[in-house]
């Protein structure tokens with residue numbers, strides 16, 4: 001069913017407003033992914049630095065890292081859901 | 001199995017729209033039923049042999065290591081010993097979310113139930129109710145509101161700006177982001193798998209491009225392995241964030 005809908009989405013390109021909606025969805029998700037992409041890179045990079053400096057604290061750092069990733073990632077996911085909500 | 005395949009998956013345009021009435025029983029509901037029953041059976045049969053010192057059997061071993069994981073990696077890391085009374089709820093939450101996620105990679109089911117809107121919302125609202133009730137009971141209503149709205153060490157004039165931000169982030173964005181995080185992650189993973197499966201089928205059908213199909217198929221296999229990690233990680237993150245929110249109500253920062 002989901003597959004069928006994907007194919008349907010691909011076929012509605014003949015209608016120009018539908019195409020613009022698709023472009024808008026792409027821009028919304030692409031824009032929303034920029035900041036969290038940088039943010040998750042910072043979080044994980046610094047967590048790896050911390051683990052390399054103090055391997056005995058790796059467990060705590062890993063838990064905190066996942067928390068940081070979860071908070072940062074939320075923004076990108078808002079964009080992902082918003083892209084679905086937009087309708088032409 | 002035929003019954004499970006016969007009930008349809010709600011279409012993807014319905015991810016943010018409510019379903020068709022309370023009696024609409026579909027594949028999503030069937031998977032949630034499976035997840036709830038699997039969690040109950042795991043801990044019912046895993047805890048039968050209380051007097052045995054050495055755990056044996058796959059059920060008892062997985063139940064005990066699951067409880068140990070939630071206790072050591074989630075509760076002790078965030079709440080400390082105060083939080084041990086939330087161990088049953090958090091363990092049940094973890095296993096329920098994990099079971100309803102892992103159906104994403106089980107052949108012939110291949111649908112994560114949490115890729116639809118409803119249950120993540122309900123779970124997030126339960127978390128919201130729990131941490132608010134814990135805050136009100138532990139600190140008293142006035143102190144709880146004051147501690148959640150006013151961060152320590154903020155200069156007086158800036159409070160006009162900080163209080164609305166803290167209100168929105170504590171009472172509105174928290175449950176919303178908890179819900180969206182679980183649901184959007186599972187939906188995104190499911191879409192990736194569907195896309196590569198559709199690509200494989202398309203490349204197979206078109207005669208010439210069949211040489212590219214193994215690459216697409218290899219990535220499909222790799223992403224399936226990755227989705228096992230994601231299913232586990234999302235259950236872990238939902239549970240640990242619930243623990244963090246309860247902890248912030250139990251031990252406010254002074």
Hits in region A:75-87 - residues which are farther than 9 Å from residue A:28 by Cβ, more than 7 Å from every other protein chain (Cβ to nearest Cβ) and surrounded by fewer than 19 Cβ atoms within 10 Å (Cβ to Cβ): A:75, A:87
Residues located in region B:214-254, provided they are over 28 Å from residue B:119 (Cβ atoms) and crowded, with 18+ Cβ neighbours inside 10 Å: B:216
Qualifying helices (runs of 4 or more DSSP H) (wholly inside region B:145-254; at least 3 residues being at pLDDT 90 or above, within 11 Å of chain A (Cβ to nearest Cβ) and closer than 21 Å to residue B:35 by Cα): B:174-205, B:213-250
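Evaluate the following for residue B:99: is it over 15 Å from residue B:179 (Cβ atoms), modelled with pLDDT under 90 and under 17 Å from the mean Cα position of the chain (by Cα)?
So residue B:99 does not fit the description; no.
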Residue in region A:66-74 that is under 25 Å from residue B:242 (Cα atoms), away from chain B (no Cβ under 13 Å) and touching a residue at least 24 places away in the same chain (Cβ under 8 Å) present: no
Residue B:140 closer than 25 Å to residue B:80 by Cα, without any contact (Cβ under 8 Å) to a residue 24 or more places away in the chain and out of contact with any helix residue (DSSP H, G or I) (no Cβ under 7 Å at 6 or more places or on another chain): yes
Boolean, residue A:13 is at pLDDT below 90, exposed (fewer than 12 other Cβ atoms within 10 Å of the Cβ) and assigned to a helix (DSSP H, G or I): yes
The one condition in (1) more than 14 Å from chain A (Cβ to nearest Cβ); (2) modelled with pLDDT of 80 or more that residue B:53 fails to fulfil: (2)
Only listed residue being in a helix (DSSP H, G or I), closer than 21 Å to residue B:173 by Cβ and modelled with pLDDT under 85, chosen from A:84, A:71: A:84
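The values are calculated or read from the model by the stated rules, or taken from the named source; none is laboratory data. As the structure is a prediction and not an experimental result, all values here were calculated from the model. Note that each Cβ is placed from the backbone with ideal geometry, even for glycine, and that neighbours are counted across all protein chains shown.
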